[in-house]
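This structure is in structure tokens; I'll ask about it shortly.
The values are calculated or read from the model by the stated rules, or taken from the named source; none is laboratory data. On a predicted model such as this, the values are computed, not experimentally measured, just so you know. Here the Cβ positions follow ideal geometry from the backbone for every residue, glycine too, while neighbour counts run over all protein chains shown.
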Amino acid sequence: MQSNYLTNRLRAFFATLIGIAITVGTGIFGFQGVLEYFNYTDVIIYTRGLVVFLFIPLFFIMVTSYQVYILIYGRDLPHVIGVKLVRATIFIAISALVSSITFSVWYSNHLKDIGYIQCSGVPVGYMPFMAVKYVVFESMCKTDS
């Protein structure tokens, strides 16, 4: 019993460390990426999935909280609390999807309103339907960036 107890806590400790690292890393990446969209450089490559990176830390906070409970108490989370965590995680996933779509529509319309031109084709280094290139002058559509 004692060996299993320590093993569970050790696993929970490392899972918590990994969860915190992923939470911080994706949070910084998401905020930095979204803030770069508002610098309005001559060439903007908009990827629709970057907004989702703002929600990944919330998802990993839910997963990490499960591991923190095991780390503190040495046993699994009670079923009632686990169900609430699953519901919160589903809510976060749906919110991420809805906000990503909403931001994508708003941002593309906003760029067109302030004079950016949407280039046809796929930006270099991106898969089809994953990114859109916006430029200030149409001649810039032909350059690789």
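Using the structure shown, decide if residue 35 is closer than 28 Å to residue 139 by Cα and in contact with a strand residue (DSSP E or B) (Cβ under 7 Å, 6 or more places away or on another chain). So that I can check it myself, show each step before the final result.
Working: closer than 28 Å to residue 139 by Cα: yes; in contact with a strand residue (DSSP E or B) (Cβ under 7 Å, 6 or more places away or on another chain): no.
Judged against the criteria, residue 35 is not a match.
Oh, and also: Within 30 Å of residue 7 (Cβ to Cβ), of a type outside the set (Ser, Thr, Tyr) and in contact with a Leu (Cβ under 8 Å, 6 or more places away or on another chain): which single residue out of 58, 85 fits that description?
Numbers: 58 fails: in contact with a Leu (Cβ under 8 Å, 6 or more places away or on another chain).
The match here is 85.
Does the range 71-78 include one or more residues that are closer than 30 Å to residue 14 by Cα, loosely packed, with under 15 Cβ neighbours inside 10 Å and of a type in the set (Asp, Glu)? So that I can check it myself, show each step before the final result.
Narrowing the range 71-78 to residues closer than 30 Å to residue 14 by Cα: 71-78.
Adding the requirement that they be loosely packed, with under 15 Cβ neighbours inside 10 Å leaves 72-76, 78.
When the remaining residues are screened for being of a type in the set (Asp, Glu), the result is 76.
Taking every residue of the range 71-78 in turn, at least one turns out to be closer than 30 Å to residue 14 by Cα, loosely packed, with under 15 Cβ neighbours inside 10 Å and of a type in the set (Asp, Glu).
Being charged (D, E, K, R) and either at pLDDT 90 or above or assigned to a helix (DSSP H, G or I) (or both) is the filter here; which residues of the range 76-85 pass it? Even if it seems obvious, please write down each step before you answer.
Initially, the range 76-85 is screened for residues charged (D, E, K, R), giving 76, 84.
84, the sole residue that qualifies.
Quick grid of which residues meet (1) surrounded by 10 or more Cβ atoms within 10 Å (Cβ to Cβ); (2) in a helix (DSSP H, G or I); (3) among the hydrophobic types (A, V, I, L, M, F, W, C):
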{"residue": "92", "(1), (2), (3)": "yes, yes, yes"}
{"residue": "100", "(1), (2), (3)": "yes, yes, no"}
{"residue": "108", "(1), (2), (3)": "yes, yes, no"}
{"residue": "111", "(1), (2), (3)": "yes, yes, yes"}
{"residue": "121", "(1), (2), (3)": "yes, no, no"}
{"residue": "127", "(1), (2), (3)": "no, no, yes"}
{"residue": "134", "(1), (2), (3)": "yes, no, no"}
{"residue": "140", "(1), (2), (3)": "yes, yes, yes"}
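Ok, one more. Of the conditions (1) surrounded by 11 or more Cβ atoms within 10 Å (Cβ to Cβ); (2) at pLDDT 90 or above, residue 5 fails just one. Which one is it?
All conditions are met except number (2).
Are there any pairs, at least 6 apart or on different chains, whose C-beta atoms fall under 6 Å, with the first in the range 56-74 and outside any helix (DSSP H, G or I) and the second not charged (D, E, K, R), and if so, which?
Filtered contacts from the range 56-74: 74/5.
What is the one condition in (1) out of contact with any helix residue (DSSP H, G or I) (no Cβ under 9 Å at 6 or more places or on another chain); (2) at pLDDT 90 or above that residue 73 does not satisfy?
(2) is the only condition that residue 73 fails.
Let me ask you something else. Restricting to the range 35-53, name every residue that is within 15 Å of residue 133 (Cα to Cα), assigned to a helix (DSSP H, G or I) and not charged (D, E, K, R).
37, 49, 50, listed by residue number.
Kindly provide the set of residues from the range 124-145 that are under 21 Å from the mean Cα position of the chain (by Cα) and of a type outside the set (Lys, Arg), ordered by number. Lay out the reasoning, then the answer.
Of all residues in the range 124-145, those under 21 Å from the mean Cα position of the chain (by Cα) come to 125-133.
Listed by number, the residues that qualify are 125, 126, 127, 128, 129, 130, 131, 132.
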